[in-house]
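Take a look at the structure below.
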Amino acid sequence: MQRFGSVVRLRPEMEQEYLRLHRAVWPDVLRQIQASGIRNYTIFLRDGVLFSYYEYAGDDHEADLAAMAADPATRDWWRLTDPCQQPVEGAAPGQLWAPMAEVFHTD
(Lines give C-alpha, C1' and ligand atoms only; values in the text may rest on other atoms or scores of the structure.)
Protein backbone atom coordinates (compact mmCIF):
# COMPACT_ATOMS: atom_id res chain seq x y z
CA MET A 1 0.00 0.00 0.00
CA GLN A 2 1.42 3.38 -1.02
CA ARG A 3 0.28 6.61 0.66
CA PHE A 4 -0.06 9.93 -1.17
CA GLY A 5 -0.59 13.45 0.15
CA SER A 6 -0.98 16.68 -1.78
CA VAL A 7 -2.04 20.28 -1.24
CA VAL A 8 -3.79 23.04 -3.17
CA ARG A 9 -5.26 26.41 -2.26
CA LEU A 10 -8.99 26.90 -2.20
CA ARG A 11 -10.14 30.16 -3.75
CA PRO A 12 -11.92 32.02 -0.91
CA GLU A 13 -14.85 33.03 -3.09
CA MET A 14 -15.35 29.37 -4.10
CA GLU A 15 -15.16 27.73 -0.68
CA GLN A 16 -18.90 27.28 -0.20
CA GLU A 17 -19.30 25.88 -3.73
CA TYR A 18 -16.46 23.41 -3.19
CA LEU A 19 -17.97 22.27 0.11
CA ARG A 20 -21.41 21.96 -1.49
CA LEU A 21 -20.04 19.79 -4.29
CA HIS A 22 -18.27 17.49 -1.85
CA ARG A 23 -21.37 16.96 0.26
CA ALA A 24 -22.75 14.96 -2.68
CA VAL A 25 -19.90 13.53 -4.77
CA TRP A 26 -21.30 11.86 -7.86
CA PRO A 27 -21.55 8.02 -7.64
CA ASP A 28 -19.72 7.62 -10.98
CA VAL A 29 -16.78 9.62 -9.62
CA LEU A 30 -16.69 7.51 -6.46
CA ARG A 31 -16.76 4.32 -8.57
CA GLN A 32 -13.83 5.56 -10.66
CA ILE A 33 -11.81 6.41 -7.56
CA GLN A 34 -12.36 2.84 -6.32
CA ALA A 35 -11.63 1.33 -9.77
CA SER A 36 -8.35 3.27 -9.85
CA GLY A 37 -7.08 1.50 -6.73
CA ILE A 38 -7.55 4.50 -4.46
CA ARG A 39 -8.63 3.76 -0.92
CA ASN A 40 -9.21 5.88 2.17
CA TYR A 41 -9.34 9.07 0.07
CA THR A 42 -9.75 12.07 2.34
CA ILE A 43 -9.66 15.85 1.82
CA PHE A 44 -9.12 18.24 4.72
CA LEU A 45 -9.49 22.05 4.76
CA ARG A 46 -7.69 24.56 6.95
CA ASP A 47 -7.21 28.29 6.41
CA GLY A 48 -7.86 28.09 2.69
CA VAL A 49 -5.57 25.11 2.07
CA LEU A 50 -6.88 21.73 0.99
CA PHE A 51 -4.87 18.65 1.96
CA SER A 52 -5.69 15.34 0.31
CA TYR A 53 -4.59 11.91 1.42
CA TYR A 54 -5.17 8.50 -0.11
CA GLU A 55 -3.80 5.01 -0.10
CA TYR A 56 -3.07 3.28 -3.39
CA ALA A 57 -3.75 -0.46 -3.60
CA GLY A 58 -3.12 -1.06 -7.31
CA ASP A 59 -0.12 -2.16 -9.36
CA ASP A 60 0.38 0.80 -11.74
CA HIS A 61 -0.33 4.16 -10.13
CA GLU A 62 0.44 6.18 -13.25
CA ALA A 63 -1.86 4.07 -15.45
CA ASP A 64 -4.66 4.14 -12.88
CA LEU A 65 -4.46 7.92 -12.59
CA ALA A 66 -4.50 8.17 -16.41
CA ALA A 67 -7.65 6.00 -16.48
CA MET A 68 -9.24 8.32 -13.93
CA ALA A 69 -8.29 11.38 -15.99
CA ALA A 70 -9.86 9.78 -19.08
CA ASP A 71 -13.13 8.95 -17.32
CA PRO A 72 -15.93 11.24 -18.64
CA ALA A 73 -17.71 11.63 -15.29
CA THR A 74 -14.46 12.46 -13.50
CA ARG A 75 -13.55 14.97 -16.19
CA ASP A 76 -16.98 16.64 -15.77
CA TRP A 77 -16.47 16.67 -11.99
CA TRP A 78 -13.07 18.31 -12.37
CA ARG A 79 -14.60 20.98 -14.62
CA LEU A 80 -16.63 21.99 -11.57
CA THR A 81 -13.99 21.59 -8.86
CA ASP A 82 -10.83 22.81 -10.61
CA PRO A 83 -11.99 26.46 -10.83
CA CYS A 84 -12.38 26.39 -7.04
CA GLN A 85 -8.67 25.70 -6.60
CA GLN A 86 -5.36 27.41 -7.24
CA PRO A 87 -1.83 25.99 -6.99
CA VAL A 88 0.26 26.54 -3.89
CA GLU A 89 3.56 28.37 -4.18
CA GLY A 90 6.20 25.99 -5.49
CA ALA A 91 3.82 23.78 -7.48
CA ALA A 92 5.21 22.68 -10.83
CA PRO A 93 3.91 24.53 -13.92
CA GLY A 94 0.49 23.14 -14.86
CA GLN A 95 0.21 21.27 -11.57
CA LEU A 96 -2.87 22.01 -9.49
CA TRP A 97 -2.43 19.65 -6.53
CA ALA A 98 1.21 19.67 -5.38
CA PRO A 99 2.50 16.33 -4.06
CA MET A 100 3.95 16.09 -0.58
CA ALA A 101 6.78 13.90 0.68
CA GLU A 102 5.92 11.40 3.39
CA VAL A 103 8.21 11.96 6.37
CA PHE A 104 6.60 9.73 9.02
CA HIS A 105 4.06 6.94 9.28
CA THR A 106 2.95 4.50 11.95
CA ASP A 107 0.20 1.92 11.95
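The values are calculated or read from the model by the stated rules, or taken from the named source; none is laboratory data. Source: prediction; values computed, not measured. Don't worry about glycine lacking a Cβ; one is built from the backbone with ideal geometry, like all the others, and counts go over all protein chains shown.
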Heads up, the strands (runs of 3 or more DSSP E) in the range 1-95 (entirely inside) with at least 1 residues that are free of Cβ contacts under 8 Å to residues at least 40 places away in the same chain and within 12 Å of the chain's Cα centre (by Cα) are 38-46
Positions within the range 1-40 being among the aromatic types (Phe, Trp, Tyr) and surrounded by 15 or more Cβ atoms within 10 Å (Cβ to Cβ), in sequence order: 4, 18
So is residue 60 out of contact with any strand residue (DSSP E or B) (no Cβ under 6 Å at 6 or more places or on another chain), surrounded by fewer than 13 Cβ atoms within 10 Å (Cβ to Cβ), under 12 Å from residue 8 (Cα atoms) and modelled with pLDDT of 95 or more or not? no
Odd one out for residue 101, checked against (1) out of contact with any Leu (no Cβ under 8 Å at 6 or more places or on another chain); (2) surrounded by 14 or more Cβ atoms within 10 Å (Cβ to Cβ); (3) not acidic (Asp, Glu): (2)
